[in-house]
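The values are calculated or read from the model by the stated rules, or taken from the named source; none is laboratory data. The shown structure was predicted, so the numbers you read here are calculated from the model rather than taken from an experiment. Because the Cβ atoms are built from the backbone with ideal geometry, glycine has one as well, and the counts that use them run over all protein chains shown. These area figures cover heavy atoms from the full protein model, side chains too; ligands, DNA and RNA do not enter into them. Shrake-Rupley method; radii C 1.70, N 1.55, O 1.52, S 1.80 Å.
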Amino acid sequence: EKGGHEYFMLKEIEEQPEALANTLRGHFDGGRIILDEQRISDQDLRDVDKVFVVACGSAYHSGLVAKYAIEHWCRLPVEVELASEFRYRDPVLDRATLVVAVSQSGETADTLEAVRHAREQKARVLAVCNTNGAQIPRESDAVLYTHAGPEIGVASTKAFLAQIAANYLVGLALAQARGTKYPDEVAREFAELEAMPAAVQKVLSTVDQVRDLGRRIADSKAVLFLGRHVGFPVALEGALKLKELAYMHAEGFAAGELKHGPIALIEDGLPVVVVMPSPKGRAVLHSKLVSNISEIQARGARTIVIAEEGDETVRPFADELIEIPAVPTLLQPLVSTVPLQVLAAEIARTRGYDVDKPRNLAKSVTVE
Ligand code: F6R
């Protein structure tokens with residue numbers, strides 16, 4: 001049941017703290033990160049020299065987020081690939097390549113075929129999946145299950161947040177195997193992840209504000225999303241949610257690209273959602289984004305700014321300010337995504353659409 005909510009998606013958005021806690025539970029024991037299934041030796045994990053993340057849609061965005069963490073923690077090159085593109089190229093794979101296949105359903109045809117292609121080339125495959133015993137984990141060398149619970153809404157919400165957390169656990173498992181992080185550092189990163197359900201709970205207090213905003217901008221023609229660093233894939237995810245639910249033109253950009261083209265799209269009244277990095281954690285990027293916001297505001301954009309609480313520098317440039325709790329830089333997507341989910345759902349509802357069953361979309365895409 002929808003638990004008193006008008007649509008399942010809102011219930012699932014509110015279940016995100018629990019989805020995260022359940023995904024982390026049991027994965028740090030005896031001072032070590034543990035996967036659910038590992039048919040790959042510790043030695044092989046240690047010898048990995050390149051990582052590909054392959055996935056589709058929101059799962060792909062979870063991989064883009066994880067790239068920042070895995071490269072930083074493991075000092076390994078990480079490529080994030082749309083599964084549908086990966087297998088029709090000629091990717092360079094061998095025994096020392098780890099392919100992380102991320103899929104909520106575990107049945108997505110393109111991702112499954114990417115897994116098969118990778119294994120034929122002798123790469124090791126690790127599945128991150130929300131569905132016990134699905135085909136992708138069955139055909140993989142190692143598995144980490146997200147425990148988001150069944151997702152009824154076609155648009156991914158809690159599974160997406162759980163995928164980010166699980167991808168981070170994969171990064172920590174690799175860092176531990178490779179020795180690029182000391183055991184106490186792995187323990188500290190895990191403890192920071194464990195604090196995230198409470199942070200997500202806190203950001204849920206913005207739901208009413210964001211729904212009200214959604215109602216006010218529901219008749220816009222388009223919405224743009226800007227972010228940098230881990231905020232860039234969040235911008236892509238915010239745009240995808242809006243396209244699929246509200247059937248609106250929406251695009252996510254890396255804010256640094258603004259002057260290379262997208263700024264030409266800015267016109268009077270166009271809502272632009274900006275995901276701000278922390279003013280302390282990422283001071284340089286923060287100041288660059290503040291100047292981006294002032295530029296687009298000067299050109300008439302309606303600025304909707306997702307910023308860390310207490311971030312005063314951004315206030316003068318925000319037509320609407322949505323505050324998120326201060327969390328470690330790499331973990332910010334777990335809180336900054338939440339208002340974007342709510343925004344898309346509420347715009348869709350205001351426009352009279354079925355939030356849980358958007359047109360033309362299926363929950364699990366088992367054909368190519
Ligand atoms: C977006 C959405 C889709 C899925 C994609 C992959 O809200 O739900 O983009 O993320 O179809 O699905 P899985 O994760 O099942 O492979």
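In a GNM of the chain with a 10 Å cut-off on Cα contacts, which of P233, P137, P358 has the highest mean-square fluctuation?
P358
Starting from segment 288-328, pick out the GluC sites (Glu not before Pro) whose DSSP state is loop and whose Cβ has at most 15 other Cβ atoms within 10 Å.
When the GluC sites (Glu not before Pro) of segment 288-328 are filtered for loop state and at most 15 Cβ neighbours within 10 Å, E309, E312 remain.
Provide the net charge surrounding D319, with neighbours chosen by a C-beta distance below 12 Å and charges set as Lys +1, Arg +1, Asp -1, Glu -1.
The answer is +2.
With an 8 Å cut-off on Cα pairs and a minimum separation of 6 or more residues, tell me the relative contact order of segment 146-305 in percent.
17 percent
I'm checking a number: the convex hull volume of the Cα atoms of the chain, normalised per residue, in Å³. What is it?
Dividing the Cα hull volume of the chain by its residues yields 130 Å³.
Determine the share of segment 1-124's accessible area contributed by carbon and sulfur atoms, expressed in whole percent, with a 1.4 angstrom probe.
44 percent
Within segment 266-324, which trypsin sites (Lys or Arg not before Pro) sit in a loop by DSSP and count at most 15 neighbouring Cβ atoms inside 10 Å?
K280, R299
Which aspartates and glutamates, if any, have their Cα less than 16 Å from the Cα of K221, not counting same-chain residues under 8 positions apart?
Those aspartates and glutamates meeting the cut-off are E244, E251, E267, D268, E346.
Taking all protein chains as present, what is the carbon and sulfur share of the accessible area of segment 239-362, in % to the nearest whole number, probe 1.4 Å?
Carbon and sulfur: 51 percent of the exposed surface of segment 239-362.
Taking K and R as +1 and D and E as -1, what net charge do the other residues with C-beta under 12 Å from the C-beta of F190 add up to?
Residues near F190 contribute -2 overall.
Counting DSSP beta bridges with both partners in the chain, what percentage is antiparallel, nearest 5?
In the chain, DSSP labels about 10 percent of beta bridges as antiparallel.
Once R0 is set to 56 Å, what does the formula 1/(1 + (r/R0)^6) return for the Cβ-Cβ distance between D184 and E368, expressed as a FRET efficiency to the nearest 0.05?
For R0 = 56 Å, the calculated efficiency reads 0.75.
Distances longer than 27 Å among the Cα atoms of segment 214-343: what percent of all pairs is that?
Considering segment 214-343, 9 percent of its Cα-Cα pairs are separated by more than 27 Å.
So which lysines can K122 reach, going by Cα to Cα under 23 Å and dropping same-chain residues fewer than 8 places off?
Within the straight-line cut-off, K122 pairs with K50, K67.
Quick one: helix 231-246 against the long Cα principal axis of the chain, what's the angle to the nearest 10°, folded into 0 to 90?
Rounded to the nearest ten degrees, it is 70.
Are there GluC sites (Glu not before Pro) in segment 213-290 that DSSP marks as loop and that have at most 15 other Cβ atoms within 10 Å, and which are they?
E267
Where does the charge balance sit around R39 when Lys and Arg score +1, Asp and Glu -1, over other residues with C-beta under 13 Å from its C-beta?
So the surrounding residues net to -3.
Using 7 Å Cα-to-Cβ label points, what is the D354/R299 separation (nm, one decimal)?
Using points 7 Å along Cα→Cβ, the separation is 3.9 nm.
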